[in-house]
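The values are calculated or read from the model by the stated rules, or taken from the named source; none is laboratory data. Everything numeric in this text was worked out from a predicted model, so none of it was measured. Virtual Cβ from ideal backbone geometry, glycine too; neighbours counted across all protein chains shown.
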Amino acid sequence: MRYWPRQTHREMREQLGVFALGHGDAEERATVRSHLNKCATCRAELDELAKVVARLAAVNPANLGHV
């Protein structure tokens with residue numbers, strides 16, 4: 001998804017998961033960072049997503065069948 005300057009707050013929030021996972025091209029990530037600089041709500045949501053990403057990264061794929 002391409003980001004445009006007038007992208008809505010809702011659309012930006014939808015991209016936080018992608019950002020938290022480290023995905024998106026340089027332009028997309030810069031746009032999200034710019035929004036985060038202005039939006040405490042999205043910063044808080046990103047903090048929560050970062051915790052989830054960290055927990056998922058700690059899961060041993062060999063144990064996924066036991067979940």
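From the list 20, 50, 62, 54, the lone residue that is out of contact with any helix residue (DSSP H, G or I) (no Cβ under 9 Å at 6 or more places or on another chain) and either surrounded by 15 or more Cβ atoms within 10 Å (Cβ to Cβ) or modelled with pLDDT of 90 or more (or both) is 54. Based on this model, can you work out whether residue 28 counts as in contact with a Phe, Trp or Tyr (Cβ under 6 Å, 6 or more places away or on another chain), assigned to a helix (DSSP H, G or I), within 19 Å of residue 10 (Cα to Cα) and at pLDDT 90 or above? Taking the combined requirement at face value, the residue satisfies it. All of (1) in contact with a His (Cβ under 7 Å, 6 or more places away or on another chain); (2) assigned to a loop (DSSP other than H, G, I, E, B) hold for residue 12 with one exception: (2). Which pairs do you get when a residue that is over 18 Å from residue 37 (Cβ atoms), found in the range 10-23, comes within reach of a residue that is assigned to a helix (DSSP H, G or I) and at pLDDT 90 or above, reach meaning Cβ atoms under 7 angstrom, with the pair 6+ apart or on two chains? Between residues of the range 10-23 that are over 18 Å from residue 37 (Cβ atoms) and residues that are assigned to a helix (DSSP H, G or I) and at pLDDT 90 or above, the close pairs are 17/49; 21/53.
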